[in-house]
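Peer 1: I'd like to ask you about the structure that follows.
The values are calculated or read from the model by the stated rules, or taken from the named source; none is laboratory data. Keep in mind that what you see is a predicted model, and the values were worked out from it rather than measured. Here the Cβ positions follow ideal geometry from the backbone for every residue, glycine too, while neighbour counts run over all protein chains shown.
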C-alpha cells in the first residue's frame, strides 16, 4: 500500500516524493520522542520541533512568494524600495492536507489521546493515495486501527463504493465542469461583458460548482478507500441547507472544520474565559482557515467574513442565554428564511473566494445593478445550475435503495451498468476534464 501510494504521488513529480517521505520520518520521530519523554518540558520540546518542521515546510512552499510580495508592496506604500529575493517555488500537491494529518497525529500523541505506531503504518496513513491530494483529512485514530487487521475481500462495500465514485464523477464532470466552462469562468474573467442576471447566475453557479467539485473528490476518495476495505468519515452533508453559519461549517468540509476546532480553536482557548476572547478565537480560527486555502489576501478576507459572522452568531446566542429567552424550534417558514439568509451570505463570501482581486469583486458587485434588461443564459446551463443546487435536498435514502439494487446484480451486469454510466457522463460533460478546485490548496 505504501509503495502504491508513493508511486501515485511520485507520478506527479518524483522530486517531491522525498518531501512526503521526509515528513513521515520527521513526524514519526517526533511522536516517538514525545511518547518516551518523561517530563512535560521534553514533550513540549518535541511538539515544538514537529510544529516548526510542518509549518516551516508549509510556509516555505505555500506562502514564501505571498510574504515577499506583501512586504514589497508595504515598503512601496511607505515610499521605500526593496528588492527582496523572489524564488520560483512549485507548490507540492496535497501538502496542506498531509501536513494537517501529520500535525493531528503528533498533537494527539502529545495529548495522550493516541499511542504512536510504527513507521510503516504511519507512512501509509500519511501517504494513503485516495485522500492524499485533497482529503478528507482523516484522523490517525480513525485510520490506524483499520491497519491492525486484514481487510476481508468478501466484506468490501463495493455497492456503496461504486455509487460514491459514480456520483462523484457525475457531479464533477457534468455539473461542476459544465458550470465552470459555460458560466462561472467567463463571467469572473470579464464581468463587464455580462448583464446583471448573468453575473447573478455566475455567483450562484460558483456556489454549485465548488460544492459539486469538492464533494465529488471527497466522494471518489471515500469510494476508492471503501473498495480497498477502509472507511473514511463523510466530508459534506447538504451544506446549503444550513440554518446558521455554525451549522454550515458542521456540513461543509467537515473534516477540516473539526480539525480547525480541535487543533486551533481549542488551542487558542475555545469558548473558555471571557466572551470577547471567544469571539476573538472564532475570528482568528477562520482567518487562519481562510489563509490555509491559499496565499492570497482574498482568502484572508473570505475567512474574516466567516469569522465575523460566526462571532455575531455566538454573541446573539450568548445574549439570549443571559436574558433567558428562547425561540424554541423554528417553524417551517422561519427555518427556510434562515436557510436563505445563510445561503446568500455564503454566496456573497464566495465572490471574494473566487475573485483574483478586489477589482474583480468590485466589477461583480457593480455589475449586479447594471443591466437587467436582457438574459442570454442557455437552458442547459440553467438546468445544470438547478441540479447542482437542488442536489442538496435529494434524499440519501433513494441513493441507498439504488445502491442496494445495484449490489444484488451479477458482477458482469454491474460492470455493464457502470460502463454505460461512464459513457453517459462523458457524453454530457464538456470536452476534457478540469483539475479539481482544491488541488491548488
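Peer 1: With respect to residue 399, is the statement that it is outside the structural domain of residue 97 (by TED's automatic domain parsing) and crowded, with 16+ Cβ neighbours inside 10 Å true?
Peer 2: Criteria not met by residue 399.
Peer 1: When you check residue 162 against the structure, is it under 16 Å from residue 399 (Cβ atoms), in the same structural domain as residue 353 (by TED's automatic domain parsing) and free of Cβ contacts under 8 Å to residues at least 60 places away in the same chain, yes or no?
Peer 2: No.
Peer 1: Just to check your reading of the model, which residue among 55, 48, 17, 75 is part of a helix (DSSP H, G or I) and at pLDDT below 85?
Peer 2: 75
Peer 1: In the stretch 401-426, what count of residues is obtained for those that are touching a residue at least 60 places away in the same chain (Cβ under 8 Å), within 31 Å of the chain's Cα centre (by Cα) and over 20 Å from residue 175 (Cα atoms)?
Peer 2: Residues flagged as touching a residue at least 60 places away in the same chain (Cβ under 8 Å), within 31 Å of the chain's Cα centre (by Cα) and over 20 Å from residue 175 (Cα atoms) within the stretch 401-426 amount to 5.
Peer 1: Given the conditions (1) modelled with pLDDT of 90 or more; (2) not assigned by TED's automatic domain parsing to the domain that holds residue 171, report the number of the one that residue 221 does not fulfil.
Peer 2: (2)
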